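Working notes, structure below.
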Amino acid sequence: MTKLLVKFYRLLFAVLLLALGIAAERVGLISYVTDPWEYPYILELFWQHLYLVAVSMTLATVTGLTIGILLTRRRLKKYAGVMMYVVGLGQTVPSLAVLALAMSFLGIGSNTAIFALFVYSILPIARNTLAGISAVPPGMIDAARGMGMPSLKILFEVELPNAVPVILTGFRVALVINIGTAALSYIIGAGGLGDLIFTGMALMQTEKLLAGAIPVTLLALFGDFMCELLGRVLTPKGLRLQGP
């Protein structure tokens, strides 16, 4: 029965790919992306989009992890609520407004877009780091202390490994939001695949719109898939065995 289902899914996937290929040909997408004059431009916009996402997510991950870890320390725990509120201000404001505010201080360009994306992505990482470490059983930490482990070693060998699944969930949410929001960077002159999306909408050119929207979608799906693989690699084997 399982083999039949696998064959059915493969057949369904093949039919879906065929249907999508026919639709892409009819709207002129294939001829557009294979045009020798347009292809280098599309590739350049893709790399611009990837650059904005990579730099802003790196900054957001480092900052979010640092804030989350610091707020689980005994001296700073009482400030956790206030700090999470401050960090979360970026996501309470619509993404377009964040870009507009950043542009009013930093001007236009990729640096402004990176700063806005950084602000918009930091909350899920910081919040899940705080929640993941706080959820580590106190008895486990006490046992590590009883073995003579210093605080720093407890953090890296006990708390963080056990908090990895929760932290990665926050990272995954931030990454998908970041990839989608980066398309708006075109508005402030930072380039990216949003250039194709908004130009296609303005000129009523479906092929150009899809040439920008499809890579953004695939990039988000690929990022989500890579987070799943990363979770399997980083999650301790004991915790993986406890899963369903």
**OP:** Name every residue in segment 176-211 that is part of a loop (DSSP other than H, G, I, E, B), of a type in the set (Gly, Ala, Ser) and in contact with a His (Cβ under 9 Å, 6 or more places away or on another chain), in order of residue number.
**Re:** Gly191, Gly192
**OP:** Could you list all residues from segment 113-160 that are touching a Gly at 6+ places or on another chain (Cβ under 8 Å) and over 23 Å from Met84 (Cβ atoms)?
**Re:** Ala113
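Listed here are the residues, each with its yes/no results for (1) crowded, with 17+ Cβ neighbours inside 10 Å; (2) out of contact with any Phe, Trp or Tyr (no Cβ under 8 Å at 6 or more places or on another chain); (3) not β-branched (Val, Ile, Thr).
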| residue | (1), (2), (3) |
| --- | --- |
| Phe46 | yes, yes, yes |
| Ala60 | yes, no, yes |
| Thr66 | no, yes, no |
| Ile69 | yes, yes, no |
| Thr72 | yes, yes, no |
| Arg75 | no, yes, yes |
Original post:
Out of curiosity, is Arg145 out of contact with any Phe, Trp or Tyr (no Cβ under 7 Å at 6 or more places or on another chain), modelled with pLDDT of 90 or more and charged (D, E, K, R)?
Top reply: no
Subject >> Yes/no for Leu101 being within 28 Å of Val216 (Cα to Cα), aliphatic (A, V, I, L, M) and at pLDDT below 80 >> reply: yes
Original post:
Can you spot a residue in segment 14-35 that is loosely packed, with under 13 Cβ neighbours inside 10 Å and at pLDDT 70 or above?
Top reply: yes
Subject >> Qualifying residues in segment 212-242 (those that are assigned to a helix (DSSP H, G or I) and over 21 Å from the mean Cα position of the chain (by Cα)) - the one modelled with the highest pLDDT >> reply: Lys237
Original post:
Does Leu218 fit the bill of being among the aliphatic types (A, V, I, L, M) and without any contact (Cβ under 8 Å) to a residue 24 or more places away in the chain?
Top reply: yes
**OP:** Tally the residues that are of a type in the set (Gly, Ala, Ser) and surrounded by 21 or more Cβ atoms within 10 Å (Cβ to Cβ), restricting the search to segment 192-207.
**Re:** 2
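The values are calculated or read from the model by the stated rules, or taken from the named source; none is laboratory data. All values reported here derive from a predicted model rather than from experimental measurement. Every residue, glycine among them, receives a Cβ derived from its backbone with ideal geometry; neighbour counts consider all protein chains shown.
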